[in-house]
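Reading through the structure tokens given below for one structure.
The numbers here are math on the coordinates, done by the rules we state, and not lab data. Please read all numbers here as calculations on a predicted model, not as lab measurements. Using ideal geometry, Cβ is built from the backbone for each residue, glycine included, and neighbour counts are taken over all protein chains shown.
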Amino acid sequence: MPTVYPPTPPITRRVALAALTTAAASIALWPRKPRSLASTPRGRVIIDYWEKWTGEEAAAIQRVVDLFNASQSRTWVRRTPVSDIKTKAMVAIAGGDPPDVVGLFSFNIPLLAESGAAMALDELATPDTPPSATPYKPAVQRLLSYNGRVWAGVSSCYTLALYYNRSLFRNAGLNPDNPPRTISEFDAASEQLTLQTPTGDIERAGFLHNVPLWWPYFWPTVFGGSLYDHKNAQATIASQKGIDAYAWIQGYPNRLGREATARFATTYARAFHQADDPFFTGRAAMVVQGPWIASFIARQKPDLDYAATPVPVADLLYQADAPLGLVEADVLIIPRGCRHPQEAYDFVRFTQRQDMLELLASLHGKSSPLLNVSPSFTAQHTNRYVSVHDAITASPRADILPQTRVWQQYSDLTISAFQAIWDGADVKSTLQTTEYRAQSLIDHAVALRARRALLKGSGA
């Protein structure tokens, strides 16, 4: 039974500003509207769009913005890059001056929905103007929905795949056209590809789960496990499948040496996506990465002979036509209290068009969130293995991140659990402790939601 906590007061400007201070956000970095609107056509309704992306990703979404601005004469979208975007968006909403559209992550949806900080898209939709005219892949639809309502449009989605060096496979006597499909094949390939010195230092890693250590929560997925029971609001990382996954992980430092694997990971901690990325240089034969890695390879190591395949799974779980995977997404949310909600909705609807979603996905190197993909999308995509990611996203066995407002805290717990297990801690007890702490956070969130619903029902 969930623990009942004292009610939390509604978000106020003071509370929001305190959160901003806690997050160490500098006032100098607060998003500012351009001083001059000379480039804005006269008579347009200006909607402000905050987005977290910078660099090439920002340039890609700006192309979509420009196409929208040119497609009609009523509205003008003004994009502003914003760091620490969730915190600043919550502050702006609490202060009564939010942007009209904000680009966040799918795991932010439960918090904004429960706190009343976002508008559900059905509040603005009509039978003639649905949020999307083209259906999403089921996993993406689940990410955009919460408590039976759709809260966001998708801007991009991604999954993780196994990227491997074909040349190193060939040199090690492995068939580069027959990559590992199961955990036992994966382990055998990794061992054959690993090179160690007589003193135990790793010259080349076949595979290491902490290179990079960016998704410590991912691994139960490939054993058929999950992190969260959505129906019962229960953390499940300590299930038997979760224990099996992390026991498998622990086998790598046990075999190769904890100090040696730690040194190898530390050496390349700041090298990922750079010229000395261990995958680009051949120091790591296999890595689990998102689809964007293809763009970095094209810039940093265009002659690299590589391929991609779904991450291998527990031996009895392999199904060629239904890979296991975890789907995450970037989303577009309309904050409650914004100045121009209907115009913001029109922009979000425009971004959900198939041509716009495929344009952005191609420029970002990602798979399409839509159920139906045009032939030209795959044929002309910047990642020649996008079909691998697309198959994972579309798979009936694809899972999504836990839909709880405390996912980020839960995620942080998996980092320390992973590191403790890598360092030799007992797997079962470590995961049980992690699950207990995560469940305490979840129970607190459930109690807050129930209290908020009670107050709303009583008119308080």
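The ranking of R42, R452 from fewest to most other beta carbons within 10 Å of each one's beta carbon is R42, R452. Using θ = phi - 60° in the Karplus curve 6.51 cos²θ - 1.76 cosθ + 1.60, the 3J(HN,Hα) couplings for segment 423-436 round to 7, x, 5, 4, 5, 4, 5, 5, 5, 5, 5, 4, 5, 4 Hz; x is entered for Gly and Pro. Projected label points at S73 and D122, each 7 Å from Cα along the beta carbon direction, are separated by 3.7 nanometres.
Computed over segment 73-209, the percent of Cα pairs more than 20 Å apart is 65. Close amide H contacts of Y228 (hydrogens built in the peptide plane, cut-off under 5 Å, sequence separation of 5 or more or a different chain): T236. A full extension of the chain between A133 and S167 corresponds to an added length of 7.9 nm, given 0.36 nm per residue minus the alpha carbon distance. Amide H contacts of Y146: W151, each under 5 Å away and 5 or more positions distant or on a separate chain (H built 1.01 Å from N in the peptide plane; Pro and chain starts excluded). The P(r) of the chain has a tail past 36 Å containing 32 percent of all C-alpha pairs. Dipole magnitude for the chain: computed about the Cα centre from +1 point charges on Lys and Arg Cβ and -1 point charges on Asp and Glu Cβ, it is near 1500 debye. Calculated FRET efficiency, Y436 to D201, Cβ-Cβ distance, R0 = 51 Å: about 0.85 to the nearest 0.05.
Which one, Y136, Y164, T197, is farthest towards the positive end of the dipole of segment 68-213 when Lys and Arg carry +1 and Asp and Glu -1 on their Cβ? So the residue we want is Y136. By the beta-carbon count within 10 Å of each Cβ, the least crowded to most crowded order of S39, S239, S387, fewest first, is S39, S387, S239.
Less than 5 angstrom separates the built amide H of S155 from those of D330, V331, L332, all sequence-distant by 5 or more or on a different chain. Each of D390, D423 was scored by other Cβ atoms within 10 Å of its Cβ. Listed from fewest to most, they are D423, D390.
Converting phi to 3J(HN,Hα) with the Karplus coefficients 6.51, -1.76 and 1.60 and the offset θ = phi - 60°, segment 188-193 yields 5, 5, 4, 5, 5, 8 Hz in sequence order, with x at every glycine or proline. Among A320, Y246, Y268, which residue has its Cα positioned farthest towards the positive end of the charge dipole of segment 244-326, with +1 placed on the Cβ of Lys and Arg, -1 on the Cβ of Asp and Glu, and the dipole taken about the Cα centre? Among A320, Y246, Y268, the one farthest towards the positive end of the dipole of segment 244-326 is Y268.
Couplings for segment 76-85, taken from phi via the Karplus curve 6.51 cos²θ - 1.76 cosθ + 1.60 with θ = phi - 60°, read 10, 8, 10, 8, 10, x, 9, 8, 6, 5 Hz in order; Gly and Pro are left as x.
Per residue, the chain reaches -12500 deg cm²/dmol at 222 nm when only DSSP H runs of four or more residues are counted, each adding -39500 (n - 2.57). If R0 is taken as 60 Å, the Cβ-Cβ distance between R451 and K301 corresponds to a FRET efficiency of 0.65.
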